[in-house]
Structure formats: C-alpha cells, structure tokens
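Enquirer: Right, I'll just put the structure down here and ask away after.
The values are calculated or read from the model by the stated rules, or taken from the named source; none is laboratory data. Since we're looking at a predicted model, the values are computed, not measured. Heads up, the Cβs are rebuilt from the backbone with ideal geometry, glycines too, and the neighbour counts pull from every protein chain shown.
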Amino acid sequence: MDKVIGIDLGTTNSCVAIVENGVPTVIPNRGGYKTTPSMVAVTEAGKRLVGHIAKRQAITNAENTVYAAKRLIGRKWDSPQVKNAIATSSYRIVRGPHADVRIVLRDKEYSVSEVSGMVLQEMKIIAEDYLGESVSKAVITVPAYFNDNQRQATKDAGEIAGLDVIRIINEPTAAALSYGFGKNVERTIAVYDFGGGTFDISILEIGSSGVFKVIATAGDTFLGGEDVDARVIDWLVKGFKDEHNIDLRQDRMALQRLKDAAEKAKCELSSVRETEVNLPFIISSGRNEALHLQRSLDRATLDDLSSDLIERTVDICRQTLSDARLRKEDIAEVLLVGGMTRMPKIQLAVAEFFEREPCKGVHPDESVALGAAIQGSALVDDKQEMVLLDVTPHALGIMTQGGYFEELIPQNTTVPTQRAKIFTTGRDNQTAVKIVVMQGENERAQHNELLGEFILKGLKRASKGSVEIEVTFEINADGIVSVHAKDLETEKEQSIEVTASSGLTREEISHMMEGARDYMVERRSTEEFEAARQEAERVSAEIERLFPQVEQIVASSDFGRDAIEKARGIVAKTRTAIARRDAAAVKAELDGLARTHRMFKGVVAKTH
Amino acid sequence: MPYERPKQRVLPPALQGMDDHERPTQNPPFDPQAFARANAFSRPPIAGLPSARQDEDLSGRDRDEMRREEITLTDEVELERARMASMTGRETFRSPSTTGALSMANAAARSAPEVDLNQVSYSERELAGGFGAPEITQRIIEDPAAEMHERFALGDYSGALELAEIVLSEDEKNLDAAECSETCRSVLENMYAARVGPLIGVPVVVVPNAQVRWLSMDHRAGFVLSLIDGTSSLETILDLCGMSRLDALHILHDLVQQKIVVVK
C-alpha cells in the first residue's frame, strides 16, 4: 500500500503528517520542529534556502525572501489581493505571461506555484528522511474559500514538487477530521483558525454520509500571529528609543533579531506569565560601543498589545454567524486551529464569544496536517471507510440579465454531478446569447470568479422570453466542468469545457518539474557527501589520535612501520578527497579507514 | 583639567559574590584609556613612587611612539593596527600641500560626506582602528592606484582592498581596482576560512548566555553571534548573515580567536 502524506501548506508555516499503524503522526523536520516556515529565499551566491533557514535571514535579505506566497497562489494579476500583496511585500511581484503573478528573486522570475512547490518539496524531503523511503502521494489542504484556480495552482505546486496530489481538502474539514469528527456524528461545528498570517472562521455541517458542508467561511488574509509579533517589536523599539534615542528599525540586523525575539517571547507567554527579551550588542551607540536590549514582557502587556487584533477576529466570527443566519447555540463545538490559539487571551475571547469552552484536544499547529493524513490514508486503504466525499467548494452558475448570478450547481454538491436549467431570451429578436460561466456565492456576478464564456448563435427571431435555452452544467469525477447551451426549438447547441487553471501551461509545469528534480539530485548528492565526509573525518581523527601510541608500540618492527605509512597514506588520501568534495572517493576510503582504525585499536588494546 | 576619578563600580547581581578568578572580564563604566592617560600624563607624580617619564613633557608624537612600543603582536588584527600606526608616522609619504592630493579620509568623504563608522565595512573599520577607538588615517596618498598595486605586491591584501575600494568609489569602472578588490577579497576570505576551519564545521558559543553581554564586541559581531545556534554550520551562517562573505568570515575568525566560539 502506498504511503500518503498529509500536508498543511500554510501561509506562514507548513506541516506534514502520516498515518503509521493507524496512528496519525506529525513528522518533525531535521531541526526537530514539527512545523516548517513556508518561506523560500535565494542567497547572494544563488543558493536556495527553504524553511527555518530562510526565515532566519528574512529581514537581512528581505528582497529575496518570499513569505506568504499562499496569498498569491492561483490569483490573477489584477485581483485586489495581489495589489494588496504588492503594497505590503518586500519581494518583487510582477505580471506573468498569462496575466498571472510572478515573483522575482535575484533577477529570476518564479511562478507562485513554483515557489509553493519548493516548500512542498521540502515537506516531501522531511517525510522521506523520516520514513527512509520515497514518498509520492499527498493530500494537501487549502482554505475553504479557495476557488478552483487556487486549488489547481496548489495541485500544480505539488506536481512541481514531485508529488501526486490525490486530493485537495479544506483546512477546517481536515481539522475536524483530526478532532475525530466525521464518523456517525451529525452536528454543526465552528473552526476558529488563527495562524501566523491569516485568520479564518468556518462553520461546518458534518453529515453522517461523510459530507462536510462548509456552510459559512470568512476571514482576513492579512491578520495573523505576525501582526502580534509586530506589536511586540513596536513595543521593544519604542522602549529602546525612549532609553537610548536610537531607532532599532534603521538597522536590518537589529530588526531581524527583534523579530525572532518577539516571536519567541510571544510563544513563551502562552505558558509563562513573564519572559525576558535579552539581545546583547543589538546596535551601535555611534560612540564606539554596542548597546544591549534587555526588557521583561509579561502576559498582561502582550494581551494589551494584541487586544484589538483579537477583537477583530471576534467581530469576523460575529458577522459570519449572522451571515449564515446561525445562533451561537447552533454551534455544537468550537475547534481551535493555528499557533495563535495557544494564547490564553484568545482562548478566553473565543470561549466568551461562543459561550462554550473550545476543544483543545489536538495541537493547534498540527491538526490540519493530521486531518489531511487521515484522509490520505483512507483514500488508499480499501479496508478503511471513505471519510470525505469530493464536493464543489463553490457554487457554479451563469450570469443573467442585469448582472445577476444564477446558480446551477450549489456549493458543497458531491461530484460527479449534472444539473440543468432553462433560460429565455431577454430582448425581442435576440439571435444570440452569451453564456458567462462563473463560480462563487455572490448574487452579483461581478463579485464571482469568471471561469469562461461562449456564444450560442442562430436563435430564432422571436419576442423576448419566448426562446428557451437549456443550460447544462456537468462536473466529472476529475473535477472538469462542462457547460452546454441548447436552443430547445432549433436543437442548435454550443458548449465549453472549463478546466481550472493556475496560470501555468503544461510545458511550464514540466520545465519547473525538471528544475525541481535537478535541485533534488544536487541536494541528495551534497547530503551523501556530507554523510561520508563526517564519517571519514571522525575515523581519520580517531586514527590520528592513536598514531603516537601505535608508533611507540611497533617502532621496532618493519612491518609495523609499513602499516603506519599505509595508514598515513589512507588518511591523506581521504583528506584530499574531502578537499575535492569527491563523494565517491571519500566513500571508497571509508572501508580502508575502518580497517585501519580496527587494527590500531587492536594493537593498543593488546599492549594494555 | 583634573581628571575626575570614577565612582566605585557596582557589580551586577549575577556577578556579586563570585570569586575574582571566576568573574568574567567586565567593561568598566568609564573610559579606561582616558583614565590611564589622565593618570599617566596629566596628574602630578605621586611622591615616593618611581616616575620615569611622567615628568617629561611628551609631545603627541612621542606618546604615539610609546604606544607603538607597547603593542604586542599576537594576531593579525593587532599586526594590522601596528602597521597602520607605523604608517601614520611616516613623513616620507606626506605631501607638502594637500591640494590635488587624495587622503584616505578625503576620498571616503567625497562619496559619503558624513562618514558614519558604523556604516562602513568591517574591514574598513578594522583599518580605522577596529572595535577600539576609531582613527581615520590622515596620511596623504598621492596615487591610490599605485599604492594599491604596491601593497598587493607586498602581500598586504587588507590595505590593497581598502585602496581598491577607494579607487572604485571614485571610478566604479576601474577594471584594475575591481580585479584587485576581487582578488584581495578572495585571498582574505580563504585566509580567514582556513583559520576558522572547514566551513562545514558547526560553531558553538562557549561563553554562558549570562556573560555574553560582558564581552567586548560590536553589534555586527553580536548579530553573527546570535546566529550561532549550535546546529547551523559556518557555511549556513555565512548564507544567513546578510553581510559580505569577507566581513562575516572576519567576524567569525575574531570570535574564534577570542575563544567566544569554538568550531566543532
């Protein structure tokens, strides 16, 4: 049975999990962390950095470090979210050849799927290192509000990373799965997801048939834990300025240290009441000495600093319930997701608003990835019952006269599906109609996503309302949407096939996949060399340590002197191979080194 | 003006009660050099104590001579300082008129009217006196390009690099200076890298956290120190620090030399 990993591709952090022996488990990265920053950077030397290492230089190399690429994935160049990202990002965002979005790092353009692909590739590597085998299948989570293009772009990112994305599922649904919901339970739950970069509130209706209906979702894609960090930074900067009249923001190195310290302090205050921010030699005083920053931050101060941000999330919750015409009493459970929900003040605010204690059983950073892993395991294991069914994330329909949106396939409909509706002409003697296919829930067409359009010509000249046109929407098992329009009297018909597009062509994706494979080969060969080098250096050092003793013991024998000369030769050859970074040569010397080491140890042991 | 004696220093709580031998070196809350100068040159001799030169009316130049004699040449930083100090006194390079001549300080001033020592490169600052008192040499250099070549030929790569940068600040298309700068950087980088150890090695801070603030270093070294987490290799730190490779290697080299960091 193939192993399937579940990946929570987050705005600020990503997480990978797998079901092992029936137990969903989060896979830690090499540093031991269970989440990996969704950041990609390119150094001056052209080296690619992904994850924690990219985050640690995010401010000192701001122009070449991409963060929150998820806000851009699958978006069109002219969308308001892209304009917002351009205004707030430190890296360059440019228009792509298909009116899509590209990111410039060290003068090279990357598509957003390519950048997200680098993060996914890192998650794949983390899983492979942990499992000791290659992994190719994955379930990736996306926010419930993602449209088909954004979902397709996420799938493309997975493909670029060398993953077969067998399913894309909604983040709140994955969180609910990890909390054990979905089996023989029918209830309405709220998922309060406050992550590093975004806030989402989703109301799900869980049906016993395995359908998780997202009945309402809202949020703020520019509200997250980083805003809280920014408040702590402001507080530290102000305190320092008051004391020394120096603005720490003017120095990138100081700001990088402040950012790391602010995040650390924020996290610590979830478990302790007071913490110390200690940054020695933070900046030069201008009088030939470096100044230190040392301040205590307590939980009450952090609560004060972030109170309006927390209030904003509560306002969004209130509005979402109101839009969904739900009362607080209709919500059976509230799940907390996202690292920020570890903050006691947030837990209190959620409990106060929903008038119930939220579920805290699953680690908020890990629940989404765990849910994805559960779904992935169910998809490939015949013995397990299917947990989730594929549903349409958004309603599909056409634009009608007056700029209204007429829904044909409602949101959360299980696929495959087919729905038809009859429309009439809107003007006298109208001989053609334009079918504008859209996706979304807003009754005004302009607020929904345009998927495609076509014209049905040759209609019979008649008064308005007398020509009937049947429009049929069909979604097949692969998620491909076909729209047919047929003049019921003349039988003339026209159709269009809509496939979600990430803005990349097949050729572009193939080219990016090649690049990702090359990167993988290079990285693996470097790792192979590193492993061989470390072993070779360790044994060489041991041999060198034993040289004086062995020399003393065998000084009188020609045979012994020969052995020592040979040993010196092996160590020297090893060092040369290491200097040349020749992995094959280093590996070739390992056997000889091990034999020599055994022999030396034996000689020393016999004489003692 | 009589020098006011500094008040009794109060030790931080962490250090109180510690044996003198255990206590880390702590920067006093006053300028010890100024204190020493005041005691050595300004204050009247104390009766009954040996006084050899305090009574003498020493000129500034003589004092420089004295200081030069006191320098212990233990590492390259000090060698570099010594070299700069020795050059400062050389009259043979001094031009009778400064008109049309180019001094290192003037050259820097032309492209950056206000020289903030905290903004200049590590090596530049090192040349100007290192972490200690910054001194910008006032020696007049008639032909920086020629001197650049001369220093390069003598194996003084730091000096040649400094001059190459001055030439490039005047004429950024000067291929000769660009090539010299590149070669010097490469040589110096290799030199520091060789001294620090293999770049795949992992540096570890060996000074306890509580004592770090009592060390003597600048904020750039403080930043590099903050990147050392015991798991990242030297190569990784060079990638992360956002400084030029040469500056970063120089700082790492100094941290290792000062035994603040060991590479494993």
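Enquirer: Within region A:71-84, is even one residue part of a strand (DSSP E or B) and over 20 Å from A:GLU114 (Cβ atoms)? Outline the logic, then answer.
Expert: Within region A:71-84, the subset part of a strand (DSSP E or B) is none.
Taking every residue of region A:71-84 in turn, none turns out to be part of a strand (DSSP E or B) and over 20 Å from A:GLU114 (Cβ atoms).
Enquirer: Of everything in region A:342-378, what is touching a Pro at 6+ places or on another chain (Cβ under 7 Å) and surrounded by fewer than 22 Cβ atoms within 10 Å (Cβ to Cβ)? Give them in sequence order.
Expert: Residues of region A:342-378 touching a Pro at 6+ places or on another chain (Cβ under 7 Å): A:342, A:347, A:350-351, A:370, A:373-374.
A:ARG342, A:GLN347, A:ALA351, listed by residue number.
Enquirer: Specify the residue that is nearest to A:LEU279 (Cα to Cα); the eligible residues are those in region B:232-242 that are part of a loop (DSSP other than H, G, I, E, B) and facing chain A (nearest Cβ under 9 Å).
Expert: So in region B:232-242, the residues part of a loop (DSSP other than H, G, I, E, B) come out as B:232-233, B:241-242.
This time we only want the ones that are facing chain A (nearest Cβ under 9 Å), so: B:232, B:241-242.
On the way: B:SER232: 19, B:CYS241: 16, B:GLY242: 18 Å.
Top of the filtered list is B:CYS241.
Enquirer: Which one is surrounded by the fewest Cβ atoms within 10 Å (Cβ to Cβ), of the residues in region A:88-109 that are without any contact (Cβ under 8 Å) to a residue 24 or more places away in the chain and within 22 Å of the chain's Cα centre (by Cα)?
Expert: Filtering region A:88-109 for residues without any contact (Cβ under 8 Å) to a residue 24 or more places away in the chain gives A:89, A:93-95, A:97, A:102, A:104, A:107, A:109.
Still in the running and within 22 Å of the chain's Cα centre (by Cα): A:89, A:93-94, A:102, A:104, A:109.
Details: A:SER89: 19, A:ILE93: 20, A:VAL94: 11, A:ARG102: 21, A:VAL104: 15, A:GLU109: 13.
For region A:88-109, the residue satisfying everything is A:VAL94.
Enquirer: Which one of these does A:ASN184 not meet: (1) at negative phi; (2) at pLDDT below 95; (3) more than 14 Å from chain B (Cβ to nearest Cβ)?
Expert: With (1) at negative phi; (2) at pLDDT below 95; (3) more than 14 Å from chain B (Cβ to nearest Cβ) applied to A:ASN184, the lone miss is (1).
Enquirer: So which residues in region A:232-257 are away from chain B (no Cβ under 14 Å) and surrounded by 18 or more Cβ atoms within 10 Å (Cβ to Cβ), if there are any at all?
Expert: If the condition is that a residue be away from chain B (no Cβ under 14 Å) and surrounded by 18 or more Cβ atoms within 10 Å (Cβ to Cβ), then A:VAL232, A:ILE233, A:TRP235, A:LEU236, A:VAL237 are the ones that fit.
Enquirer: Then there is this: If we scan region B:220-232, do we find a residue that is under 26 Å from A:PRO280 (Cα atoms) and touching a Leu at 6+ places or on another chain (Cβ under 6 Å)?
Expert: Taking region B:220-232 first, the residues under 26 Å from A:PRO280 (Cα atoms) are B:220-232.
If we keep only those that are touching a Leu at 6+ places or on another chain (Cβ under 6 Å) too, we end up with B:227.
Yes, region B:220-232 has at least one match.
Enquirer: Please pick out the residue among A:GLU274, A:GLU268 that is more than 14 Å from every other protein chain (Cβ to nearest Cβ) and in contact (Cβ under 8 Å) with a residue 24 or more places away in the chain.
Expert: Values: A:GLU268 fails: in contact (Cβ under 8 Å) with a residue 24 or more places away in the chain.
The match here is A:GLU274.
Enquirer: Residue under question is A:GLU441, and the condition is that it be part of a strand (DSSP E or B) and among the acidic types (Asp, Glu); does it hold? Please lay out each step first, then the result.
Expert: Working: part of a strand (DSSP E or B): no; among the acidic types (Asp, Glu): yes.
Answer is no for this residue.
Enquirer: Can you tell me which residue is farthest from the chain's Cα centre (by Cα) among those in region B:170-186 that are surrounded by fewer than 17 Cβ atoms within 10 Å (Cβ to Cβ) and either within 11 Å of chain A (Cβ to nearest Cβ) or among the hydrophobic types (A, V, I, L, M, F, W, C) (or both)?
Expert: B:LEU175
Enquirer: Kindly list, by first and then second residue, each pair from a residue in region B:204-231 that is facing chain A (nearest Cβ under 9 Å) to a residue that is assigned to a strand (DSSP E or B) and of a type in the set (Val, Ile, Thr), limited to pairs with Cβ atoms under 8 Å and residues at least 6 apart or on different chains.
Expert: Note: pairs meeting the criteria are B:VAL212/B:VAL205; B:HIS219/A:ILE282; B:HIS219/A:ILE283; B:GLY222/A:ILE282; B:LEU225/B:VAL205; B:LEU225/B:VAL261.
Enquirer: Let me ask another. Here are A:SER285, A:SER322: which of them is more than 14 Å from chain B (Cβ to nearest Cβ) and either free of Cβ contacts under 8 Å to residues at least 24 places away in the same chain or not aliphatic (A, V, I, L, M) (or both)? Full working, then the answer.
Expert: Numbers: A:SER285 fails: more than 14 Å from chain B (Cβ to nearest Cβ).
It is A:SER322.
Enquirer: Give the residues of region A:50-79 that are more than 14 Å from every other protein chain (Cβ to nearest Cβ), of a type outside the set (Gly, Ala, Ser) and under 14 Å from the mean Cα position of the chain (by Cα), sorted by residue number.
Expert: Kept after step one, since they are more than 14 Å from every other protein chain (Cβ to nearest Cβ), are these residues of region A:50-79: A:66-79.
Cutting the leftovers down to of a type outside the set (Gly, Ala, Ser) gives us A:66-67, A:70-73, A:75-78.
Correct list: A:VAL66, A:TYR67, A:LYS70, A:ARG71, A:LEU72, A:ILE73.
Enquirer: Restricting the search to region B:209-241, which residues are buried (at least 21 other Cβ atoms within 10 Å of the Cβ) and of a type in the set (Gly, Ala, Ser)?
Expert: B:ALA221, B:GLY222, B:SER226
Enquirer: Go through region A:342-367 and count every residue that is part of a helix (DSSP H, G or I) and either within 22 Å of the chain's Cα centre (by Cα) or at positive phi (or both). Even if it seems obvious, please write down each step before you answer.
Expert: Our first condition is that a residue be part of a helix (DSSP H, G or I); within region A:342-367, this holds for A:342, A:344-354, A:367.
Within this subset, residues satisfying the condition of being either within 22 Å of the chain's Cα centre (by Cα) or at positive phi (or both) are A:342, A:367.
Counting residues in region A:342-367 that are part of a helix (DSSP H, G or I) and either within 22 Å of the chain's Cα centre (by Cα) or at positive phi (or both) gives 2.
Enquirer: Let me ask something else about it. Checking A:LEU309 against (1) of a type in the set (A, V, I, L, M); (2) touching an Asp or Glu at 6+ places or on another chain (Cβ under 8 Å); (3) within 14 Å of another protein chain (Cβ to nearest Cβ), which single condition isn't satisfied?
Expert: The number of the failed condition is (3).
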